[in-house]
């Protein structure tokens with residue numbers, strides 16, 4: 001039987017730095033991403049999830065007070081973002097909070113965090129891709145007066161079928177969501193630098209579209225729409241905050257690029273903070289104008305809501321068409337970065353022996369983990385095609401919250417165990433900031449639905465069983481060894 005010392009063995013930070021080449025600026029993966037592109041990762045992974053379609057889920061619960069739901073979620077995310085900034089500057093490797101947990105809490109907790117990250121990244125990519133179909137149909141209807149058949153743009157359960165996974169006539173699969181995942185996978189296989197450049201262009205477009213929404217939307221301001229402001233009180237605000245919290249996942253996505261960033265100790269924390277300020281400002285402005293321009297009752301069941309608001313204000317279809325086109329680009333960007341993050345987390349886990357070496361295998365020409373990317377894309381395509389968006393969003397939220405909580409704990413642990421580590425950024429008001437971050441995460445978690453929490457606990461249990469069966473035995477740390485990079489043409493030993 002393994003001892004507690006074995007289960008909670010920590011991976012030395014110097015070994016992590018050596019593997020990633022963070023100090024020598026050499027890495028198994030290509031260091032080709034600069035500060036602007038990295039900031040665009042954070043902005044691109046965040047804007048386009050919550051603000052483009054989750055208002056239809058959150059406003060019916062919180063009413064116009066959904067503004068405070070965004071403030072609450074943003075405050076917790078902001079507290080955690082500065083914790084991420086410190087850990088990313090101290091441990092600038094791929095793997096995000098999985099790697100941070102391995103360095104601070106130990107191997108077994110790291111596996112639990114990895115399970116959270118699989119929800120946070122893999123499931124959120126599915127949720128975002130589902131929303132893409134709604135805006136694609138809005139765009140096609142406005143431009144070509146055509147919509148894709150509902151049987152091919154919804155999950156089976158959304159089509160009104162008995163969710164027994166038997167074929168039915170109402171809905172078969174969300175095909176546009178599956179196609180989006182395939183396109184993203186092809187781009188990621190081509191290269192990280194190319195993916196980062198494409199994302200940066202898409203981010204600039206989406207920012208322009210949201211600014212346009214703010215400028216036009218404010219002309220439709222109607223104070224009467226803000227009353228009653230909080231029909232369900234504080235409970236509605238906190239419940240909605242839990243649903244929309246997954247929209248802040250982009251702040252975490254920055255940290256997954258640790259081994260492909262130039263000057264990571266400086267650029268990782270800077271990019272996280274730049275993304276935090278940009279995203280929070282836009283979320284608050286857009287949500288405020290949206291609930292002031294449209295009665296709260298009209299958000300329920302409304303697809304492509306921002307487009308509809310502008311069409312109602314102007315009496316014309318062109319603003320809605322632009323918003324729909326911007327959302328199509330925006331959600332492509334989100335999906336791209338989230339799937340990228342998922343593959344890099346699995347890459348780090350495989351390097352540690354927690355997963356088969358297949359996930360660590362890198363193409364020698366593109367320097368990207370091709371088999372890893374193909375497997376991730378296939379699984380997410382199934383989620384996006386067959387699972388309804390509301391359940392996907394809640395599962396993403398709880399995975400994100402637990403990962404954020406662990407990062408906040410990790411900051412305090414690393415301050416005690418490795419005070420000598422060079423840090424490009426330090427958490428202000430330590431230790432108050434990480435403690436408040438932990439409290440905020442717990443506060444939002446306890447407001448999630450019981451079924452979400454139970455499914456999450458079952459999922460973490462499955463991950464721990466995987467560790468018991470495979471990870472513990474294959475752990476490179478346990479073997480006191482490190483297996484180097486395996487290229488496609490090589491055979492793993």
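Coordinate-derived values only; no laboratory data. Note that the structure is predicted; figures quoted are calculated from it, not measured. Ideal geometry is used to build each Cβ from the backbone, glycine not excepted, and the neighbour counts take in all protein chains shown.
The three principal axes of the C-alpha atoms in segment 258-358 carry coordinate ranges of 57, 30, 24 Å, sorted with the longest axis first. All C-alpha to C-alpha distances of segment 359-481, sorted into 5 Å bins beginning at zero, yield P(r) values of 2, 8, 11, 12, 16, 17, 17, 12, 4, 0 percent in whole numbers. Taken as Cα centroids, segment 80-136 and segment 428-474 sit 11 Å apart, rounded to the nearest whole angstrom.
Short to long, the 5 Å bins of the Cα pair-distance histogram for segment 283-414 hold 2, 8, 11, 15, 16, 14, 12, 9, 7, 5, 2, 0 percent of all pairs. What Kirkwood hydrodynamic radius do you get for segment 201-248 when you take the inverse of the mean 1/r over all pairs of distinct Cα atoms, in Å? Answer for segment 201-248: a Kirkwood hydrodynamic radius of 13.5 Å.
Hey, fewest Cβ within 10 Å first, where do 278, 373 land in order?
Numbers: 278 19, 373 24.
Arranged by neighbour count, lowest to highest, 278, 373 become 278, 373.
Relative to the longest principal axis of the C-alpha atoms of the chain, give the angle of the C-alpha long axis of helix 124-144, reported between 0 and 90° and rounded to the nearest 10°. Long axis of 124-144 versus the principal axis of the chain: about 30 degrees. Residues 72, 436 in ascending order of nearby Cβ atoms (within 10 Å, fewest first): 436, 72.
If we count other beta carbons within 10 Å of each Cβ, what is the order of 120, 260, 317, fewest first?
On the way: 120 31, 260 26, 317 16.
In order of increasing Cβ crowding within 10 Å: 317, 260, 120.
Over the chain, the Kirkwood radius and the radius of gyration, each from Cα atoms, give a ratio Rg/Rh of 0.96. What whole-number distance in Å separates the alpha-carbon centres of segment 34-74 and segment 318-343? Segment 34-74 and segment 318-343 have Cα centres separated by 13 Å.
Based on DSSP H segments of at least four residues, each scored -39500 (n - 2.57), the chain has a per-residue ellipticity at 222 nm of -21000 deg cm²/dmol.
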